[in-house]
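Presented below is the structure to which this report refers.
The values are calculated or read from the model by the stated rules, or taken from the named source; none is laboratory data. Only a predicted model underlies this, so the values are computations on that prediction, with no experimental measurement involved. Note that each Cβ is placed from the backbone with ideal geometry, even for glycine, and that neighbours are counted across all protein chains shown. The area values use the complete protein model at the heavy-atom level, side chains included, leaving out ligands, DNA and RNA. Shrake-Rupley method; radii C 1.70, N 1.55, O 1.52, S 1.80 Å.
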Amino acid sequence: MNEHDKPNSVEAQARRDFLKTGALVAGATLAPGVLFYGVAHSRAPEEAASSDKRFGLLIDTTKCGDGCNDCVSACNTENGLTGETGPQDSQWIRKVDIKDLRTGYVQSLPMMCQHCENPPCVDVCPTGASMKRADGIVLVDRHTCIGCRYCMMACPYKARSFVHEPLTDQNPEVPRGKGCVESCTFCVQRVDRDEQPACVEACNTQGHNAMIFGDLKDPESALNKALKAASSIEVRADLALNTGVRYQGI
Amino acid sequence: MAQEHCTNQGECRTGQFTALLALGGLVILGALYAFFTLEHHGHVLTGMNNQIVWGLPHVFAVFLIVAASGALNVASIGSVFGKDVYKKRAPLSGMLALALLAGGLAVLVLDLGRPDRLIVAMTHYNFQSIFAWNMIFYNGFFAIVGLYLITLMDRKLKAWSKPVGYMAFFWRLGLTTATGSIFGFLVARAGYNSALMAPMFIIMSFAYGLAIFMVVQSAMYTWNGLVLDEGVRRRMKNLLAIFVGASLYFTVVFHLTNLYFAKQWDFERFILLDGGIYTQVFWIGQVLLGGIVPLILLFMPRTKDAQKICFCFLAPLLVILGGLAQMYVTIIGGQAFPMQMFPGHEVTSTFFDGVVAQYSPTMYEWLLGMGGVGITFVLTVVAVRAFKFMPQDDFHVLQMRRSTD
């Protein structure tokens with residue numbers, strides 16, 4: 001029996017080793033995926049945005065290139081804007097050049113909807129079309145916007161545009177329409193897929209790394225770590241709107 | 001004798017009434033043409049843009065709405081403060097208030113980006129929005145003043161005219177407070193963001209509304225070959241002068257307050273000194289033609305014939321012109337001045353940051369704005385033709401005087 005058992009026990013040991021290794025490999029392969037899914041899976045369409053998060057953006061103006069327009073171009077492509085810059089054309093994000101009148105110091109920075117915690121556009125909208133999602137993203141409901149433009153009067157950042165003429169060739173993910181007001185959505189369609197807004201992605205792809213997007217409520221997010229590392233400001237902080245977009249280097 | 005029963009009503013002067021209706025109708029048709037064209041092509045055809053988002057139509061609309069609550073003032077002085085001369089004019093005052101509000105609201109609605117969604121505006125209310133409150137005030141104004149008119153004109157309900165008159169008075173104060181606050185609550189812009197906006201709009205509404213009332217009243221008297229009693233005329237003249245003076249006072253206080261705040265200096269320099277068209281419209285239109293000249297006309301001693309023209313037509317007409325100028329400076333000028341996002345910095349961008357916004361209204365905006373005036377005009381003409389809105393105080397005396405001639 002022992003003679004017969006020996007080769008069998010060797011085989012059994014090999015089988016056990018194989019199963020053990022296989023289980024380990026499979027576990028090592030699947031576990032991070034399962035864990036990752038549990039922690040940060042993209043929301044299902046029917047799932048509401050969560051107030052456990054507040055999306056925000058940090059812009060380091062010292063890294064923002066003078067004359068660089070990559071974020072603007074990416075926004076236009078992603079959201080189906082023409083990129084024209086006439087007085088009646090929509091601009092969701094724009095490069096603003098500022099020059100200190102006393103020192104002559106010149107800086108360039110992107111300006112867009114600041115996704116305020118207390119947005120004046122939401123306060124003034126008569127129908128509630130201007131709204132703030134639970135995760136802090138300020139949006140316009142295209143079904144209830146009546147085109148009164150009161151939100152444009154109220155926005156301290158001139159972040160909103162009115163669609164002055166009929167549109168063609170729209171991005172199906174970003175419905176727009178004549179007679180409605182629109183503005184930066186943080187590329188909400190991408191954020192809901194756990195992607196970065198187009199402007200941020202373009203800035204990083206081009207190697208500028210001037211924009212960090214993330215969850216302001218997550219202490220471990222790159223955004224929060226960067227905010228803790230250096231001082232940042234809100235534009236028009238005097239209004240106490242607690243903007244989701246912050247600037248460093250101004 | 002045939003003229004006796006012919007004060008606006010009956011079969012007399014039908015041709016001329018029809019001509020007036022046709023004139024008003026033509027203006028309304030122009031507005032409808034503008035509306036349908038803009039509805040089809042979008043606001044690209046207007047001079048409005050992403051910098052000047054509220055243009056000429058809003059100037060007319062807000063002026064008419066503010067004047068509407070002011071026009072009711074005559075009735076309020078009668079019902080609430082018990083002045084008999086004004087009581088006789090309460091129906092005309094109430095009717096004018098409704099006609100003015102209808103005209104103003106029509107322009108506001110026709111200028112929406114999505115006027116087809118008016119039902120949304122009526123079914124979705126954000127009660128944090130002063131604009132939503134305005135909609136409630138406007139609709140309530142129609143209901144309350146309509147009821148007020150019924151109590152004034154139906155003998156059986158006459159007893160109710162006082163309490164309903166009180167209600168209308170407080171409602172119109174609320175309405176103009178809300179209208180002024182549309183601008184007063186705008187924290188973003190240097191030209192607004194002031195608690196003074198609400199009381200200033202109220203006092204200005206008194207002036208504009210009374211001015212319009214006086215022009216309409218004078219036109220009705222002239223149309224019927226009647227002469228307004230001198231005592232009545234003098235009282236209304238003095239009242240208009242008080243309102244115009246108070247409006248000027250509020251304007252001075254508003255700008256003085258701004259001049260005291262260093263952060264507001266650039267805006268004040270823009271409006272008062274180097275704002276081009278806005279500076280001109282402010283000084284020449286709002287202050288001089290709309291304030292100082294009417295005051296001089298109202299108080300300058302004149303012969304009786306000259307008095308009639310200045311008191312009843314010219315001075316109120318100038319106040320109306322000044323009112324439109326004031327709305328232009330407040331609404332367009334307030335937007336044209338660049339928003340100060342980075343104080344102490346020169347700002348440039350592709351989105352016209354840091355520069356004075358350019359605005360030149362197109363034909364469509366004029367047509368829309370004038371359409372509001374046209375609607376008010378037609379409603380008034382129809383109302384004075386169909387109902388007895390002629391003030392009744394000196395009427396019998398004048399008729400008796402004429403029949404004995």
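In the condition set (1) within 30 Å of B:R385 (Cα to Cα); (2) at pLDDT 95 or above, B:A90 is compliant with all but (2).
Across segment A:218-250, what is the number of residues that are among the charged types (D, E, K, R), away from chain B (no Cβ under 14 Å) and crowded, with 17+ Cβ neighbours inside 10 Å? Of the residues in that region, 1 qualify. Working only within segment B:273-286, note down all residues that are assigned to a helix (DSSP H, G or I) and open to solvent by 20 Å² or more (accessible area, probe 1.4 Å). If the condition is that a residue be assigned to a helix (DSSP H, G or I) and open to solvent by 20 Å² or more (accessible area, probe 1.4 Å), then B:L273, B:D274, B:I277, B:Q280, B:V281, B:W283, B:I284, B:Q286 are the ones that fit.
The residues listed here are B:G191, B:G180, B:G184; of these, the one that is open to solvent by less than 30 Å² (accessible area, probe 1.4 Å) and under 18 Å from the mean Cα position of the chain (by Cα) is B:G180. Within segment A:110-122, the set of residues being at the interface with chain B (Cβ under 9 Å from one of its Cβ atoms) and farther than 23 Å from B:V355 by Cβ comprises just one member, A:V122.
Please go through segment B:26-44 and give me each residue that is away from every other protein chain (no Cβ under 14 Å) and open to solvent by 30 Å² or more (accessible area, probe 1.4 Å), ordered by number. Reasoning before the result, please.
First pass over segment B:26-44, keeping only residues away from every other protein chain (no Cβ under 14 Å): B:26-34.
Residues satisfying the conditions are B:L26, B:V27, B:I28, B:L29, B:L32, B:Y33.
Restricting attention to segment B:196-214, the residues that are in a helix (DSSP H, G or I) and either surrounded by fewer than 19 Cβ atoms within 10 Å (Cβ to Cβ) or modelled with pLDDT under 90 (or both) add up to 1.
Looking at segment B:92-135 only, could you name the residues that are within 12 Å of another protein chain (Cβ to nearest Cβ) and touching a Ser or Thr at 6+ places or on another chain (Cβ under 7 Å)?
B:V120, B:A121, B:H124, B:N126, B:I130, B:N134
The residue that is farthest from the other protein chains (Cβ to nearest Cβ), counting only those in segment A:92-101 that are in contact with a helix residue (DSSP H, G or I) (Cβ under 8 Å, 6 or more places away or on another chain) and closer than 21 Å to B:I52 by Cβ, is A:W92.
Of the listed requirements (1) within 14 Å of chain B (Cβ to nearest Cβ); (2) in contact (Cβ under 8 Å) with a residue 24 or more places away in the chain; (3) over 17 Å from A:V188 (Cβ atoms), A:C71 misses just one: (3).
Considering each residue of segment B:229-237 in turn, at least one proves to be hydrophobic (A, V, I, L, M, F, W, C) and in contact with a Cys (Cβ under 9 Å, 6 or more places away or on another chain). The combined condition, being of a type outside the set (D, E, K, R) and open to solvent by 40 Å² or more (accessible area, probe 1.4 Å), is not fulfilled by B:F270.
When A:G104 is tested against (1) farther than 21 Å from B:N126 by Cβ; (2) small (G, A, S); (3) within 7 Å of chain B (Cβ to nearest Cβ), exactly one condition is not met: (3).
Residue-by-condition table, conditions (1) within 30 Å of A:G214 (Cβ to Cβ); (2) within 19 Å of the chain's Cα centre (by Cα); (3) within 13 Å of chain B (Cβ to nearest Cβ); (4) open to solvent by 10 Å² or more (accessible area, probe 1.4 Å):
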{"position": "A:D141", "(1), (2), (3), (4)": "yes, yes, yes, yes"}
{"position": "A:I146", "(1), (2), (3), (4)": "no, no, yes, no"}
{"position": "A:Y150", "(1), (2), (3), (4)": "no, no, yes, no"}
{"position": "A:K158", "(1), (2), (3), (4)": "yes, no, yes, yes"}
{"position": "A:F162", "(1), (2), (3), (4)": "no, no, yes, no"}
{"position": "A:L167", "(1), (2), (3), (4)": "no, no, yes, yes"}
{"position": "A:C180", "(1), (2), (3), (4)": "yes, no, yes, no"}
{"position": "A:C184", "(1), (2), (3), (4)": "yes, yes, yes, yes"}
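Within segment B:292-313, is even one residue within 30 Å of B:M341 (Cα to Cα), part of a helix (DSSP H, G or I) and touching a residue at least 24 places away in the same chain (Cβ under 8 Å)? No, there is no match, as no residue in segment B:292-313 is within 30 Å of B:M341 (Cα to Cα), part of a helix (DSSP H, G or I) and touching a residue at least 24 places away in the same chain (Cβ under 8 Å). Contact map, segment A:221-250: residues that are more than 21 Å from B:H345 (Cβ to Cβ) and in the same structural domain as A:P110 (by TED's automatic domain parsing) paired with residues that are of a type in the set (V, I, T) and open to solvent by 20 Å² or more (accessible area, probe 1.4 Å), Cβ distance under 8 Å, separation 6+ or inter-chain. Pairs shown: A:A222/A:I212; A:L223/A:I212; A:A226/A:I212.
For segment A:123-139, a tally of residues being open to solvent by 20 Å² or more (accessible area, probe 1.4 Å) and at the interface with chain B (Cβ under 8 Å from one of its Cβ atoms) returns 2. Looking at segment B:172-220 only, could you name the residues that are more than 14 Å from every other protein chain (Cβ to nearest Cβ) and of a type in the set (S, T, Y)? Once the filter is applied, which keeps residues that are more than 14 Å from every other protein chain (Cβ to nearest Cβ) and of a type in the set (S, T, Y), segment B:172-220 yields B:T176, B:T177, B:S194, B:S205, B:Y208, B:S218. Residues being within 13 Å of chain A (Cβ to nearest Cβ), under 23 Å from B:A106 (Cα atoms) and surrounded by fewer than 18 Cβ atoms within 10 Å (Cβ to Cβ): count how many of those fall in segment B:312-361. Of the residues in segment B:312-361, 1 are within 13 Å of chain A (Cβ to nearest Cβ), under 23 Å from B:A106 (Cα atoms) and surrounded by fewer than 18 Cβ atoms within 10 Å (Cβ to Cβ).
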